[in-house]
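This report refers to the structure that appears directly beneath it.
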Amino acid sequence: VRPDVVAATSPQFFAAVAGWFVAFIRRLPFVFELGDIWPTSIVAVGAIKKGFFINLFEKLELFLYQNSTRVAALTYAFKKNLVNRGVDTSKIDVVRNGVDIKRYQPMERCVKIADRHNLKNNFVIGYVGTHGMAHGLRNVLEVAEKLQHRKNICFLFVGAGADRENLIKLSSSRNLSNTIFLPMQPKEEMPSIWSLCDVALVHLKDNPAFSEVIPSKIFEAMSMGLPILLNLPNGEARDIIESEHTGIWVPPEDPEALVKSIKILIDDKNLRDQISRNCVAAAPKYSRSQQARKMIEVFEKAIL
């Protein structure tokens with residue numbers, strides 16, 4: 001069956017290259033779903049230094065934007081980035097990330113997992129997601145060390161990534177008994193993992209490139225009714241949680257500020273409960289069904 005449109009996403013960047021090539025060969029409209037400004041993001045984490053190859057990739061990146069029929073950008077900041085670089089604003093739509101609100105709903109703490117890891121009576125600050133170079137999680141270990149004197153506080157790290165083993169070793173060397181590391185979990189287990197948490201921590205390095213991103217875990221936590229500690233550069237993600245009153249923004253890589261915000265949430269149950277209610281009320285605005293409808297509209301525009 002001949003398709004009507006070809007869509008590809010970034011990251012991974014070369015998937016977008018392949019998608020454009022297929023669309024070009026078959027003379028079909030091409031929709032570029034822009035999930036990350038690449039290669040800027042890999043320069044931001046220090047994986048590759050700016051140079052000849054990065055400049056070459058940036059030219060290829062701009063070629064793809066300019067030669068796409070439509071671009072579906074994950075954030076308004078991404079759209080602004082492209083427009084500032086000469087991409088036609090009329091062909092750029094913003095389709096933010098979303099959450100399956102049927103899967104992620106408020107629930108009691110999973111007793112089985114909580115008992116297994118001695119979390120039943122702890123206040124749990126949960127980081128769920130990639131443990132990579134972009135995430136700056138050593139800052140969280142500094143915070144854990146500063147809060148070791150407070151009993152029944154636990155920092156739960158769940159996921160995989162390039163920096164995970166280093167974080168585990170660092171935690172062990174500092175004798176941080178208030179940290180627990182769990183490996184990446186099956187998707188069907190994620191609501192139970194989130195249920196262990198009293199607060200959801202969303203964390204990125206202090207780099208201007210990360211002011212443009214909206215981590216998808218924000219919406220999962222929101223749908224679970226979890227107050228969000230947003231620890232990343234000032235940007236669109238902060239606008240969302242502050243406009244919806246679903247958490248607290250903390251300046252990135254500032255351990256003292258993060259300690260202060262954690263103490264506020266621990267000590268003020270009424271505030272946590274109010275934020276939790278705000279999360280549940282706001283979550284339907286960011287549902288996957290809403291996202292799907294917007295993407296269908298993007299495809300329809302590309303075909304017309």
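The values are calculated or read from the model by the stated rules, or taken from the named source; none is laboratory data. Quick caveat: nothing in here was measured; it's all calculated off a predicted structure. Every residue, glycine as well, gets a Cβ built from its backbone with ideal geometry; the counts of neighbours run over all protein chains shown. What goes into the accessible areas is simple: the full protein's heavy atoms, side chains included, and nothing from ligands, DNA or RNA. Shrake-Rupley method; radii C 1.70, N 1.55, O 1.52, S 1.80 Å.
The residues packed around Leu232, meaning those with a beta-carbon under 14 Å from its beta-carbon, carry a net charge of -4 if Lys and Arg are +1 and Asp and Glu are -1. Here the accessible area of the chain is 53 percent carbon and sulfur, with a 1.4 angstrom probe and all protein chains present.
Note: relative contact order over region 148-281, using C-alpha pairs below 8 Å and six or more positions apart, is 20 percent. Accessible surface ranking for Tyr76, Tyr65, 1.4 angstrom probe, highest first: Tyr76, Tyr65.
Which entry in (i) 38, 18, 15; (ii) 36, 22, 17; (iii) 33, 22, 17 is this structure's computed semi-axes √(5λ) of the Cα gyration tensor in Å? Evaluating semi-axes √(5λ) of the Cα gyration tensor in Å on these atoms matches (ii). Per residue, region 148-267 exposes an accessible area of 39 Å² to a 1.4 Å probe, with every protein chain left in place. Straight-line reach from Lys146: which lysines have Cα under 17 Å away, leaving out those fewer than 8 places along the same chain? Reachable lysines: Lys260, Lys263. For region 1-108, the solvent-accessible area of protein heavy atoms averages 55 Å² per residue (probe radius 1.4 Å; ligands and nucleic acids excluded).
Summing charges over neighbours of Asn55, with a neighbour being any other residue whose Cβ is under 15 Å away from its Cβ, gives +2 when K and R count +1 and D and E count -1.
Checking the Cα-Cα distances for Lys120/Lys151; Lys112/Lys285; Lys80/Lys294 against a 25 Å cut-off, the pairs over it are Lys112/Lys285. Taking Asp115, Asp273 and ordering them by how much accessible surface each has at a 1.4 Å probe, largest first, produces Asp115, Asp273. Among residues other than Ala23 with Cβ under 14 Å from its Cβ, the summed charge is +2 (Lys and Arg +1, Asp and Glu -1). When every Cα-Cα distance of region 148-298 is counted in 5 angstrom steps from zero, the calculated P(r) takes the values 2, 8, 16, 20, 22, 18, 9, 3, 2, 1, 0 percent.
Backbone amide hydrogens, once placed in the peptide plane, bring Val250 within less than 5 Å of Leu230, Asn231, Leu232, excluding anything fewer than 5 places away on its chain.
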